[in-house]
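Read the structure below first, then the notes.
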Amino acid sequence: MPSPATFSDKPAILQLGPLYQPAQERAEHLFRVHKYWLADAAARSTMLAGPARDCRAVLTNGFSGLDNA
């Protein structure tokens, strides 16, 4: 695997649910991953209003989807 970029150089993504471990590790190697499913309701609101605002993409698994994107 190539060396990872520094944390600030990585593009941000919003992850809606967990992934198979190798896929999760690869995502975290390439992106700043905001793990939405792990946050409680208050933290989700804060995440969407703050750090997740600069997300370029949403990462889902086969069980969680995204409506009205």
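The values are calculated or read from the model by the stated rules, or taken from the named source; none is laboratory data. Note that the structure is predicted; figures quoted are calculated from it, not measured. Ideal geometry is used to build each Cβ from the backbone, glycine not excepted, and the neighbour counts take in all protein chains shown. The protein model used for the area step is the full one, side chains on, heavy atoms only, and it has no ligands, DNA or RNA in it. Shrake-Rupley method; radii C 1.70, N 1.55, O 1.52, S 1.80 Å.
Keeping every protein chain present and rolling a 1.4 Å probe, give me the accessible area per residue for segment 12-69 in Å².
It amounts to 67 Å² per residue over segment 12-69.
Are there any chymotrypsin sites (Phe, Trp or Tyr not before Pro) in segment 11-69 that are in a DSSP loop and have at most 11 other Cβ atoms within 10 Å? List them by number. In loop regions of segment 11-69 (DSSP not H, G, I, E or B), the sparsely surrounded chymotrypsin sites (Phe, Trp or Tyr not before Pro) are Tyr20, Phe63. Heavy-atom surface analysis with a 1.4 Å probe gives segment 13-69 a carbon and sulfur content of 54 percent of its accessible area.
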